[in-house]
1. How many nm is it between the label spots at E324 and F13, if each spot is 7 Å from the Cα in line with the beta carbon?
2. Just how large is the dipole of the chain about the Cα centre, in debye to the nearest 20, putting +1 at every Lys and Arg Cβ and -1 at every Asp and Glu Cβ?
3. Kindly write out, for segment 333-341 in residue order, the coupling ³J(HN,Hα) from the Karplus curve 6.51 cos²θ - 1.76 cosθ + 1.60 (θ = phi - 60°), rounded to whole Hz, with x marking Gly and Pro.
4. Out of segment 176-219, which trypsin sites (Lys or Arg not before Pro) are coil in DSSP terms and have no more than 16 other C-beta atoms within 10 Å?
5. Apply the Karplus parameterisation 6.51 cos²θ - 1.76 cosθ + 1.60, with θ equal to phi minus 60°, to every residue of segment 119-128 and state each ³J(HN,Hα) to the nearest whole Hz, in sequence, with x for glycine and proline.
6. Assigning unit charges at the beta carbon (Lys, Arg +1; Asp, Glu -1) and nothing else, what dipole magnitude in debye, to the nearest 20, does segment 165-330 show about its Cα centre?
7. Counting C-alpha atoms alone, how compact is segment 8-154: give Rg to one decimal and Dmax as a whole number, in angstrom.
8. Over all directions, the average projected area of the alpha-carbon convex hull for the chain comes to how many nm²?
Amino acid sequence: MKPPYGDVEKLVFGRTFAEHMFKMKYSEGRGWHDAKIEKYGSFTMDPASCVLHYSQEIFEGLKAYKALNGKMLLFRPEQNARRLNRSARKLCMPEIPEEDFVNAVKELVLLDKEWIPDAPGTSLYVRPTMIASEAFLGVHPSKEYLFYIIMSPVGPYFKEGFNTVSIYVEDQLVRAAVGGVGDIKTGGNYAASLLGAMKAEEKGFSQVLWLDAKEHKYVEEVGAMNVFFVFGDKVVTPQLTGSILPGITRNSVIALAKDMGYEVEERRISIDEVLDGIKSKELTEIFGSGTAAIISPVGLFHYKDNNYYINDNKVGSITRAFYERLVGIQYGKIEDTMGWSYELK
Ligand code: PLP
Ligand code: COI
C-alpha cells in the first residue's frame, strides 16, 4: 500500500503535512486548557491578533524516526521543551510543563505513525509553535495564546543531501545582536535572515554564515544550523554569546566529540582565523549542525569576493564520523550510550 505522504523521493522539506495537529489554548487567569488533537487544517484568527502585528511567536523543531527494528524514536525531546520555555520567558509568553510538551508530541506522533517515512535519511519533522492570539493593537504581552503542533514527513533539508554545501559569509547584514533575541527560536530572526539568504542564493551559494553584529568579525552561525571547525583533532565551535541559537544538535556534537576523544573548544573564532586556517590547511573540515540539517559538510566559504575551498570541497572523515554516530543513535542503528533516544510506545 502506498504511504499517505505519497512518493518518498518527492518529499520536499516542510511541504507535506501529516493528518492531525495538536492544539491547546491559554488565557490569563485560566492557564492552559482545551488540549485536543484534530485534523490538520486552517484556523481563523482575528486580524488584530498580536502575533500578526508584533511577532510574539516562538517555535521548536524535532524529528520522529522509524528505527530498523520498527521502534519509533524521538531525539532528546525534553531539550526542545526546555528551549521552548526559555524562548517563552524571553518573549513574555506562558511556559508549558516539559512533561505536557513531550506527551503532546508523543500522542500526536503515535496517532500519525504511518506518516513517519522509513526510507534512509527521512523522518517526520515536528513543529511545535506558540502564537499570541489576543486581538489588540497596543504593544504589550498578549493575555491569550495558542500552542499547536504540526508535522511534516521530510527527506534531506538541503538538495545536496549529505554532500558539501557552499556558504556565503555575510559581512554587511546582521541577523541578531547580543541582548536581542538571536538566542531563541522566534520567527523574526528568520524574517531578518531572508534578505541575506536571497543575496547568497542569487550568487549561487546555498546558505549564509552570519558574523557578530558589532564588529562583523566573529563567526556566529548559519541560517538554520550551528557551525563547527575541525583543526586536526581539535573541534572548535563559536561560544554561546547570546545572539546564537543554543542548538540541541550542537550540544550533542560537543558531547559526542568529547566521547570520541576530540578536544573541544567553545570560544570566539574570527573569520580571519578561519580563512587563515583554510589557507594553511590547518583547518581541515567545517560542518554545520541542526535538527533539519543534521550534520552538513561545508565545502566552500565565499568572503569578500573570494572563494575558500575546504578539504578540496570533499566530505571530511571526522564530519562523516559525527554524522554516522549521530544518525546511528537517532535511527536506533547503534547503541545509545548517551541516553538520548526517547522511544514512543
Ligand atoms: N541555528 C538556527 C538559527 C536554527 O534555526 C537551528 C535549527 O533549529 C539551529 C541553529 C540548530 O538547532 P538544533 O540543533 O536545536 O536544531
Ligand atoms: C530546525 O532545524 O528544526 C529548524 O528550525 C531549521 C529551520 C527549518 C528553520
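The values are calculated or read from the model by the stated rules, or taken from the named source; none is laboratory data. Since this is a predicted model, take the numbers as computed values, not measurements. Glycine also receives a Cβ, built like all others from the backbone with ideal geometry; neighbour counts cover every protein chain displayed. Areas reflect the complete protein model, heavy atoms only, side chains present, ligands, DNA and RNA absent. Shrake-Rupley method; radii C 1.70, N 1.55, O 1.52, S 1.80 Å.
1. Distance between label points: 2.4 nm.
2. 380
3. For segment 333-341, the Karplus curve yields 8, 10, 5, 8, 6, 8, x, 9, 7 Hz.
4. Counting only loop positions with at most 16 other Cβ atoms within 10 Å, the trypsin sites (Lys or Arg not before Pro) in segment 176-219 are K203, K214, K217.
5. Calculated HN-Hα couplings, in order: 5, x, x, 9, 6, 9, 7, 10, 10, x Hz.
6. Working: 17 positive and 22 negative charges, 49 e Å.
Rounded to the nearest 20 debye, it is 240 debye.
7. 15.9, 54
8. Over all viewing directions, the chain projects a mean Cα-hull area of 17.7 nm².
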